[in-house]
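Student: Sharing a structure below in structure tokens format, with a few things to ask.
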Amino acid sequence: MKSPLLSLPGAVPAEGVDEGVAGHYGDLFREQRALADGAGFVDLSHRGVVTVSGEDRLSWLHLLLTQHVTDLAAGQATEALILSAHGHIEHALYLVDDGATVWAHVEPGTQEALLAYLESMKFFYRVEVADRTADTAVVHLPAGSIAPVPSGVVVRETAYGRDLFLPRADLESFAEQAGPPVGILALEALRVEQHRPRLGFETDHRTIPHELGWIGSAVHLQKGCYRGQETVARVQNLGKPPRRLVFLHLDGSEVHLPPAGTQLRVRDEDPDGRTIGFITTSARHHELGPVALALVKRNVPVDAPLMADTTAAAQEVVVEP
């Protein structure tokens with residue numbers, strides 16, 4: 001969906017998966033600083049929105065998700081994954097229950113596949129699932145924001161800020177009083193700084209939760225069965241994941257950021273030597289300079305200096321080897 005807020009002054013459309021909302025509004029670093037200071041809002045109206053209602057909604061979702069949600073309190077935010085039978089990540093859901101309905105926002109374009117899976121698993125449970133993307137827009141307010149939240153709007157509050165499930169028809173009027181608009185590139189730069197993985201960016205067809213540090217925040221280790229649990233339990237109890245997420249400080253003298261997919265190697269090895277990982281997201285941070293998230297092989301030494309093509313990179317541990 002193309003956001004009406006792309007008509008705001010200075011709006012430059014985002015590209016790729018985030019097409020449909022503004023990448024920035026003319027000053028990327030100013031927008032980042034605003035978010036870090038608790039000001040402004042981010043238009044995430046391109047994200048998918050799915051709801052689950054009915055008296056069995058929490059017990060039913062508990063059977064399908066990696067997160068413990070049976071006793072999820074109204075207004076309590078959480079996140080969860082849906083895995084394949086082999087434990088690979090298929091969906092990431094950002095959830096809140098309003099006392100009658102579970103609201104979830106998901107990556108753009110993934111809601112249809114998610115809805116089809118949920119429909120196929122209803123059986124005799126008293127639940128109703130719905131795609132609310134057409135009538136509901138997600139808006140993000142940063143932590144510390146004092147912007148007023150319209151009455152009746154479902155809010156998902158976390159340490160990083162508040163996600164509002166706003167009626168899509170109210171998006172423009174909300175923008176008029178919510179403070180300066182901030183593009184999604186600023187939010188992405190802060191996400192990289194915070195080491196938070198994103199489906200489709202830090203994941204590929206074989207990613208398992210342990211590789212990204214999603215154990216605990218999105219995967220509960222003391223809950224009942226769900227699809228893919230055997231892989232989670234086996235890695236947790238008997239082994240280590242084959243890859244691990246790292247945070248990279250990139251050489252600031254380079255003009256261009258190495259894009260997602262750029263291969264990594266150990267700097268002191270042969271330039272044509274083995275590939276040990278790849279960049280998943282890169283960004284220019286208002287304080288840290290050029291930074292990135294990357295997936296590397298587990299056995300890469302944590303102090304090994306890396307090269308992203310021709311760009312030097314120093315790693316920080318996110319997931320322990």
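Student: For the range 153-169, in order, what is each residue's ³J(HN,Hα) by Karplus, 6.51 cos²θ - 1.76 cosθ + 1.60 with θ = phi - 60°, in whole Hz (x at glycine and Pro)?
Tutor: Per residue, the Karplus-derived 3J(HN,Hα) values read 7, 6, 10, 10, 9, 10, 5, 8, x, 10, 9, 9, 9, 9, x, 4, 5 Hz.
Student: How many angstrom separate the Cα center of the range 231-278 from the Cα center of the range 303-321?
Tutor: The range 231-278 and the range 303-321 have Cα centres spaced 7 Å from each other.
Student: With every protein chain left in place and a probe of 1.4 Å, what is the accessible surface of Leu81, to the nearest 10 Å²?
Tutor: 0
Student: Among 184-197, 289-302, how do they line up from the highest to the lowest mean number of other beta-carbon atoms within 10 Å?
Tutor: 184-197, 289-302
Student: Quick one: length gained pulling Phe123 to Arg234 fully straight, 0.36 nm per residue minus the C-alpha distance? All intermediate terms of the calculation are to be shown ahead of the outcome.
Tutor: Values: separation 111, 0.36 × 111 = 39.96 nm, distance 2.91 nm.
Result: 37.1 nm gained on full extension.
Student: Let me check I have the definition right: for the range 246-293, take the eigenvalues of the Cα gyration tensor, multiply each by 5, take square roots. What are those semi-axes in whole Å, largest first? Intermediate values should be presented prior to the final figure.
Tutor: Details: eigenvalues 83, 26, 16 Å².
For the range 246-293, the ellipsoid semi-axes come out as 20, 11, 9 Å.
Student: If I model the chain as equal point scatterers sitting on the Cα atoms and use the Debye formula, what is log10 I(q)/I(0) at q = 0.08, 0.11, 0.16 Å⁻¹?
Tutor: -0.38, -0.73, -1.39
Student: Here is a follow-up. Quick one: which residues, 5 or more positions from Gly183 or on another chain, have an amide H under 5 Å from its amide H? H modelled 1.01 Å from N in the peptide plane, none for Pro or chain starts.
Tutor: Amide H to amide H, under 5 Å and 5 or more residues apart or across chains, Gly183 pairs with Tyr25.
Student: May I pose another question? Find, among the GluC sites (Glu not before Pro) in the range 1-93, those assigned to loop by DSSP (not H, G, I, E, B) with at most 13 other beta-carbon atoms within 10 angstrom. Working shown, then result.
Tutor: On the way: sites: Glu15, Glu19, Glu31, Glu55, Glu79, Glu90; in loops: Glu15, Glu55.
Here the sparse-neighbourhood loop sites are Glu15, Glu55.
Student: Between Ala143 and Ser84, what length in nm is gained on full extension when 0.36 nm per residue of separation is reduced by their alpha carbon distance? Show your work: numbers first, answer last.
Tutor: On the way: separation 59, 0.36 × 59 = 21.24 nm, distance 3.34 nm.
Gain on extension, Ala143 to Ser84, equals 17.9 nm.
Student: Then there is this: Any lysines with Cα under 23 Å of the Lys223 Cα? List them, leaving off those in the same chain fewer than 8 positions away.
Tutor: Lys122, Lys240
Student: How large is ³J(HN,Hα) for each residue in the range 64-76, as worked out from phi by the Karplus curve 6.51 cos²θ - 1.76 cosθ + 1.60 (θ = phi - 60°), to whole Hz, x for Gly and Pro?
Tutor: Coupling constants for the range 64-76: 9, 9, 7, 9, 7, 10, 3, 10, 4, 6, 4, x, 8 Hz.
Student: Keeping the other protein chains in place, figure out the carbon and sulfur percent of the accessible area of the range 152-257, with a 1.4 Å probe. Present the calculation step by step, with values, prior to reporting the outcome.
Tutor: Numbers: 2510 of 4780 Å².
Carbon and sulfur: 52 percent of the exposed surface of the range 152-257.
Student: Still on this structure, I have one more. Specify the inter-centroid distance of the range 92-130 and the range 50-76, based on alpha-carbon positions, in whole Å.
Tutor: About 9 Å separates the Cα centre of the range 92-130 from the one of the range 50-76.
Student: Let me ask something else about it. Could you report the accessible area of Tyr25 in Å², rounded to 10, computed with a 1.4 Å probe on the protein chains as they sit in the structure?
Tutor: Number for this one is 20 Å².
Student: Compute, for the range 165-290, the length of the dipole vector about the Cα centre, with Cβ point charges of +1 (Lys, Arg) and -1 (Asp, Glu) only. Units Debye, rounded to 20.
Tutor: Details: 15 positive and 16 negative charges, 149 e Å.
The calculation lands at about 720 debye.
Student: Next question, about the same structure. Taking the full set of protein chains and a 1.4 angstrom probe, give the accessible area of Ser173 in square angstrom, rounded to the nearest 10.
Tutor: 60
The values are calculated or read from the model by the stated rules, or taken from the named source; none is laboratory data. As the structure is a computational prediction, the values presented were derived from the model and not from experiment. For neighbour counting, all protein chains shown are included, and Cβ atoms are generated from backbone atoms with ideal geometry for every residue, glycine included. We work out accessible area using only protein heavy atoms, side chains counted, and drop any ligands, DNA or RNA first. Shrake-Rupley method; radii C 1.70, N 1.55, O 1.52, S 1.80 Å.
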